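> Pasting a structure below so you can have a look.
Rule-based calculations on the coordinates, nothing more; no lab input. Note that this is a predicted model, so its numbers are computed, not measured. Cβ: placed from backbone, ideal geometry, glycine included. Neighbour counts: every protein chain shown.
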Amino acid sequence: MDTVFTKIIKGEIPSYKVTEDKNFYAFLDINPLKKGHTLVIPKKQVDYVFDLDDELYKDFFLFAKRVAKAIKKAYPCVKVGMAVIGLEVPHAHIHLVPMDEMGDLQFSNPKLQFTKEEFLEIASNIASAMEIE
Ligand code: AMP
């Protein structure tokens with residue numbers, strides 16, 4: 001059965017896309033902890049990140065690294081934090097979250113709300129920052 005993230009990749013569910021390549025897709029988390037909170041996923045539907053084969057696993061993190069650099073450029077912060085949780089959606093994903101302090105990566109924090117236009121602008125800002133890499 002397709003996960004919600006596979007449906008996003010197939011275009012069956014909308015997303016605020018940041019970037020993609022042959023194997024990976026990056027889009028905004030709809031319940032962001034911080035402005036710029038992005039999810040990176042493999043297009044291959046694999047639940048548990050440590051079940052990815054070595055080649056895909058390595059490329060997954062290299063892809064996330066490029067996205068993280070763009071997030072930091074678009075939304076300056078102390079560091080972009082990375083978390084792999086996966087308890088909600090059974091499709092491997094890396095959370096990339098701009099952090100200014102320790103508490104910014106607490107998933108129990110209240111989530112931010114943005115309008116559709118704001119989400120589109122955030123995704124576009126990060127996408128533009130990738131282009132000037
Ligand atoms: P977890 O599986 O615990 O790492 O959490 C899954 C994350 O996916 C949560 O932060 C959700 O807000 C996010 N999420 C779930 N559905 C969507 C969606 N359709 N678009 C964007 N983000 C989503």
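> Give me the pairs, please: first residue somewhere in segment 75-89 and among the charged types (D, E, K, R), second residue anywhere and surrounded by 13 or more Cβ atoms within 10 Å (Cβ to Cβ), beta-carbon distance under 7 Å, and either six or more positions apart or on two chains.
That search, which allows pairs on different chains as well, returns LYS79/MET99.
> Here's a follow-up. Check VAL84, VAL78 and return the single one that is more than 16 Å from the ligand (Cβ to nearest atom) and within 19 Å of PHE107 (Cα to Cα).
Being more than 16 Å from the ligand (Cβ to nearest atom) and within 19 Å of PHE107 (Cα to Cα) holds for just one of VAL84, VAL78, which is VAL78.
> Taking only pairs six or more apart or across chains, which ones have beta-carbon atoms under 9 Å, a first residue in segment 23-37 that is under 15 Å from SER124 (Cα atoms), and a second residue that is acidic (Asp, Glu) and more than 7 Å from the ligand (Cβ to nearest atom)?
ALA26/GLU20; PHE27/GLU20; LYS35/GLU118
> With the condition kept exactly as written, say whether any residue in segment 88-98 is of a type outside the set (Gly, Ala, Ser), on the phi < 0 side of the Ramachandran plot and away from the ligand (no atom under 15 Å from the Cβ).
Among the residues of segment 88-98, not one is of a type outside the set (Gly, Ala, Ser), on the phi < 0 side of the Ramachandran plot and away from the ligand (no atom under 15 Å from the Cβ), which makes the answer no.
> Are any residues in segment 109-123 under 17 Å from the mean Cα position of the chain (by Cα), of a type outside the set (D, E, K, R) and farther than 12 Å from THR38 by Cα, and if so, which ones?
If the condition is that a residue be under 17 Å from the mean Cα position of the chain (by Cα), of a type outside the set (D, E, K, R) and farther than 12 Å from THR38 by Cα, then LEU112, GLN113, PHE114, LEU120 are the ones that fit.
> Right, next: Run GLU20 past the list (1) buried (at least 19 other Cβ atoms within 10 Å of the Cβ); (2) farther than 27 Å from GLY103 by Cα; (3) under 12 Å from the mean Cα position of the chain (by Cα) and report the number of the one that doesn't hold.
Status for GLU20: all satisfied but (1).
> Inside segment 25-49, can you point out the residues that are in contact with a helix residue (DSSP H, G or I) (Cβ under 7 Å, 6 or more places away or on another chain) and over 18 Å from ASP2 (Cα atoms)?
LEU28, LEU33, LYS34, LYS35, GLY36, THR38
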